[in-house]
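Inspection log for the structure reproduced underneath, given as structure tokens.
The values are calculated or read from the model by the stated rules, or taken from the named source; none is laboratory data. Please read all numbers here as calculations on a predicted model, not as lab measurements. All Cβ positions, glycine included, derive from the backbone under ideal geometry; neighbour counts span all protein chains shown. For the accessible areas, the whole protein counts, side chains as well, though only heavy atoms, and no ligand, DNA or RNA atoms are used. Shrake-Rupley method; radii C 1.70, N 1.55, O 1.52, S 1.80 Å.
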Amino acid sequence: MMYDEVLNTMLPFLKQQYGNPSSLHKLGISSHNAIKKAKNMIASLINSRQDEIYITSGGTESNNTVIYGVASYNKNKNHIIVSSIEHDSILQPCCQLEKKGFEITYLKVDENGLINPKDVEKSINDRTCLVSIMFVNNEIGTIQPIHKISDICSKNNILFHSDCSQSAGKLCIDVKNSKLDMLTISSHKMNGPKGIGALYVRSGTKLSPLIVGGGQQNGFRSGTENVASIVGFGIACKLSKDRLLQNFIHFNKLQGYLHHEINKKITHVKLNGNATRRIPNNLNFSFFGINGEDLITKLDEYGIAVSTGSACKSNTKKASHVLKSMGLSYERINSSIRITIGVHNTMNEMKQTVLVLDKIIKELRSISPLKYKYNF
């Protein structure tokens, strides 16, 4: 849910301060200044300049803008490198470009979902115009070796983009130290409003705009700005930065408890993703002998919300491409769920989650066709 401070800051811009930021009257100027202030807060989160931040409708638009924008601008280069576990807002645009003659290299990951930086270097050729590797995977929480990959791209003069929707506000990100050319941020991942995000574009980086027509944001992203949401997004970034260590400790404590107690109380369970190189608010488990979607439905009856695969497409009933890319069996994929911990969650909720999980899994396993295979 949103921080209270975020909502309270947004409310005036939904009613009294409703001016169009492109207008020259006082209300318009007030909205324009509010956007500029918010963009400074967003920039501060990742140590960028305010004029390198472009507001979008969220992570999907930011990612689409990078893939299509770089491809459109670089007419003489038609090779892009991505990982096989990227979000669909990266993978699907790449698929569309393949139909137009682009070469896309989909880098494999190991059993923990990690990219080998050497594979990036081996894949670069004289037609490569972009490398896009997510900082943290949204399904399994694995943290990629972004700094090593950015060094490789910088050395080879290749543009590097990272989808930081899962990591921004939870891990320290410094675009100057990491040599990132472009970076995606999503507001609702930091307890800000939904439907708003940002794209960082390093000054001097060339790519074509995805949305044109109004000339807003220096012509890079046209459309009347959603002032209230931008203001809320800015506050969410400020709070996330100010509370980065506090939230990290909170997440780490709850995650550690969940991981330990689930392994202690429930048999035939496997953690998916790297055990240590992972973001502190994500756990992805496979509970053998049950169906993950059945488990989600039963947990929901107790007011516990989890997901399978990517939370934004979990209703598609499609097996996780992330877990498949890691080489996991169909059975392990089918029995997986993703647990995400929020800043408002408590230790008592974690204790209740373990108790409910144990109870439901025993019930589901008692009627599972695999009960004799595992001797439940």
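Result for the chain in a Gaussian network model with C-alpha springs under 10 Å: among Ile42, Ile262, Ile143, the largest mean-square fluctuation is at Ile262. Placing pseudo-labels 7 Å out from each Cα toward the beta carbon at Lys36 and Ile249 gives an inter-label distance of 3.8 nm.
Note on Asn8 and Asn125: the model spin-label points, each 7 Å out from Cα along the C-beta direction, lie 5.8 nm apart.
As a fraction of the 1.4 Å probe accessible area of the chain, surface on carbon and sulfur atoms comes out at 51 percent. On C-alpha positions alone, give me the angle between the axis of helix 146-155 and the longest principal axis of the chain, in degrees, nearest 10. With rounding to tens, the tilt is 40 degrees. Using a cut-off of 14 Å between beta-carbons, work out the net charge of the residues near Asn284 (Lys and Arg +1, Asp and Glu -1, Asn284 not included). Charge balance in the 14 Å sphere: +4.
Centre-to-centre, using Cα atoms only, segment 187-214 and segment 134-168 are separated by 17 Å.
Peptide packing for 69-81, 191-203, 15-27 was compared via the average number of neighbouring C-beta atoms within 10 Å per residue; ordered from the highest value, the list is 191-203, 69-81, 15-27. Here segment 261-302 is treated with +1 on each Lys and Arg Cβ and -1 on each Asp and Glu Cβ, and its dipole about the Cα centre works out to around 360 debye. Rounded to the nearest 0.05, the FRET efficiency derived from the C-beta distance between Gln96 and Thr276 at R0 = 30 Å is 0.25. For segment 283-309 and segment 1-41, what is the separation of their C-alpha centers, rounded to whole Å? Distance between centres, Cα-based: 39 Å. Modelled spin-label separation between Asn76 and Asn375, with each label point placed 7 Å from Cα along the Cα-to-Cβ direction: 6.8 nm.
Taking every C-alpha pair closer than 8 Å and separated by at least 6 residues, the mean separation divided by the residue count of the chain gives a relative contact order of 20 percent.
Each principal axis of the chain carries a Cα extent, and these read 70, 53, 33 Å when sorted largest first. If R0 is taken as 45 Å, the Cβ-Cβ distance between Asn116 and Ile29 corresponds to a FRET efficiency of 0.30.
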